[in-house]
Ligand SMILES: [Zn+2]
Ligand SMILES: [Zn+2]
């Protein structure tokens with residue numbers, strides 16, 4: 001059963017090997033497998049009545065509302081400020097002085113006092129994975145933010161086992177050897193000591209490796225005599241017995257398959273509602289899912305739109321269709337721009353290489369210690385897809401981490417432009433991690449817009465500098481300032497579940513470039529940006545990048561009333577306090593969806 005569940009969607013022209021030990025979370029078969037298990041529930045979520053269980057949606061705001069006594073950063077072209085803003089029927093009616101806004105809003109308008117606080121356009125998270133968060137979010141996180149090192153992970157799993165009924169599976173996720181030292185300590189022997197009776201299963205953050213204990217291997221019937229499944233392996237100790245480390249999907253699911261049914265998400269509407277709630281809490285009013293259909297193909301799109309129609313969706317959704325589902329998309333005839341202001345198809349996503357911290361990002365030169373990463377798609381196929389889909393009007397969204405992967409993405413984009421794609425196609429390169437000067441110049445020429453996983457700088461910066469790339473190449477990570485200077489519009493993203501959504505933390509990361517694992521350390525200060533530039537990246541430019549600048553991204557008349565109220569003004573606080581600014585309220589379409 002597990003073999004068929006683990007089968008991935010058929011992919012034309014793809015390099016056929018398993019993405020390997022450290023593939024990208026974006027396209028993880030582990031997530032697809034969980035998605036397949038949730039299929040019946042997701043099918044229900046694709047119908048309007050599937051959302052009734054959430055009850056009546058929160059009521060819309062009635063009449064005209066004036067937000068007064070505020071310091072409003074409109075983030076318009078002039079980055080102008082205002083003291084009041086009025087909205088009606090979810091859209092902004094007036095912005096400016098209180099007097100002018102009152103006049104436009106009329107006598108009847110209700111006035112809300114913002115208490116002198118700072119108001120910004122709602123933040124836009126341009127790259128996250130909606131269903132991955134919905135379905136994976138309930139599995140406990142033992143990653144670097146929670147546990148210092150491998151021993152702390154083992155101890156945490158022990159606490160979970162001690163608190164669980166006998167024989168209950170202990171499942172956790174997010175162990176990251178590039179940030180948590182002592183990966184070789186996590187074997188069945190150490191896990192047996194802390195959990196002798198409960199089966200234990202720990203996902204590596206990449207989702208392409210897992211670790212389990214003897215009880216889990218016993219349930220799965222995996223012994224020294226068991227052959228490795230094709231394309232995967234049970235890592236073995238000197239005696240030839242499996243040591244509990246499972247590499248590749250087939251090995252992982254031969255074990256976890258015995259618990260998968262219990263892990264399926266049976267309440268999709270509630271899980272989706274929680275994702276929006278999570279976004280709203282950190283001030284996000286629009287998210288862009290960058291692998292739509294990765295779980296369920298068309299069922300996922302139906303669920304998105306039914307969710308939007310239910311009135312319970314409290315963060316707008318933009319999404320890119322995952323290339324792996326191309327047959328479904330063609331059969332359905334999905335068109336770019338299909339949907340409405342709540343949920344809309346905007347992009348076409350291709351994952352072209354792995355991840356740099358997993359040493360699978362495709363590089364021009366070898367990593368420290370060797371290896372140049374891997375291409376998930378041949379240059380020819382990437383070019384073919386990019387030309388075809390951009391001529392159809394899709395915005396191409398290409399995941400490329402290594403510098404060689406970026407070269408190939410640019411070749412494909414150049415071919416699309418030569419074939420007649422619009423210059424305003426807003427070709428996106430995702431993560432766009434390692435950038436040389438000449439690549440930035442080429443991107444400017446081709447009209448390419450990068451989105452940086454800015455956590456690469458903060459969380460993994462030290463590992464990149466000391467262990468993965470060396471200092472010279474590590475300086476080429478997340479080059480926001482240089483891209484801005486070259487006239488490129490850039491954004492940044494969390495890629496949640498890779499890092500968590502958190503626009504203020506991302507602003508902090510881009511402005512300070514501080515190193516999480518090295519107090520006082522900074523990665524290439526020349527690439528620091530101003531607070532203003534970082535705000536623009538997560539509002540006005542993210543709206544443009546997600547093809548939604550006509551309705552969101554700034555607080556201007558006619559746009560949707562999506563805004564946040566912060567406890568301090570990011571332009572006024574010392575840079576090291578940016579990440580600690582609190583979100584007091586989040587409003588979407590003139591409706592308050594979060595209050596601290
Ligand atoms: Zn990616
Ligand atoms: Zn991603």
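Values quoted throughout were computed directly from the atomic coordinates according to the rules given, and no laboratory measurement underlies them. In this text, all values refer to a predicted model and were calculated from it rather than measured experimentally. Ideal geometry is used to build each Cβ from the backbone, glycine not excepted, and the neighbour counts take in all protein chains shown.
Each of residue 79 and residue 145 was given a label point 7 Å from its Cα along the Cα-to-Cβ line. The distance between the two points is 2.8 nm. Fewest neighbouring Cβ atoms within 10 Å first, the residues 359, 88, 568, 53 line up as 53, 568, 88, 359. Once the Cα-Cα distance is subtracted from the 0.36 nm per residue extended length, the residue 59 to residue 298 segment shows a gain of 83.1 nm. Convex hull volume of the Cα atoms of region 133-226, normalised per residue: 105 Å³. Distance between the modelled labels on residue 107 and residue 436, one decimal in nanometres: 7.1 nm (7 Å Cα→Cβ projection).
Computing FRET efficiency as 1/(1 + (r/R0)^6) for residue 472 and residue 261, where r is the C-beta to C-beta distance and R0 is 45 Å, gives about 0.35.
Looking at the chain, send over the antiparallel percent of its DSSP beta bridges, to the nearest 5. Spell out each step's value before the answer.
Values: 38 of 79 bridges.
Bridges in the chain are about 50 percent antiparallel.
Computed from label points 7 Å out along Cα-Cβ, the spacing between residue 595 and residue 236 is 6.4 nm.
How much length would be gained if the chain were fully extended between residue 327 and residue 522, taking 0.36 nm per residue of separation minus their Cα-Cα distance, in nm to one decimal? Could the numbers behind the result be given before it?
On the way: separation 195, 0.36 × 195 = 70.20 nm, distance 4.56 nm.
So the extension gain works out to 65.6 nm.
One Cα centroid belongs to region 353-432, the other to region 310-328; the line between them spans 22 Å. One equal scatterer on each Cα of region 367-529, no solvent, Debye formula: the resulting log10 I(q)/I(0) at q = 0.09, 0.10 Å⁻¹ is -0.30, -0.36.
How much of the calculated P(r) for the chain lies past 49 Å, in percent of all Cα pairs? Walk me through the intermediate numbers first.
Values: 15794 of 177310 pairs.
Tail of the P(r) past 49 Å holds 9 percent of the pairs.
In percent, what relative contact order does region 367-529 have, based on Cα pairs under 8 Å that are 6 or more apart in sequence? Don't skip to the answer; put the middle values down first.
Details: 272 pairs, mean separation 32.5, N = 163.
Relative contact order comes out at 20 percent.
Computed from Cα atoms alone, the Kirkwood hydrodynamic radius reported for region 536-596 is 12.7 Å.
Legend: ranking of residues 496, 577, 125 from fewest to most surrounding C-beta atoms inside 10 Å; resulting order 577, 496, 125.
For the pair residue 189 and residue 49, the difference between a 0.36 nm per residue extended length and the Cα-Cα distance amounts to 45.5 nm.
So for region 367-529: antiparallel DSSP bridges make up what percent, rounded to the nearest 5?
15
The ranking of 52, 462 from fewest to most other beta carbons within 10 Å of each one's beta carbon is 52, 462. One quarter of the convex hull surface built on the alpha carbon atoms of region 276-351 amounts to 5.0 nm², the projected area averaged over directions. Quick one: check the C-alpha center-to-center distance for region 48-125 versus region 541-563, whole angstrom. For region 48-125 versus region 541-563, the Cα centre distance is 13 Å.
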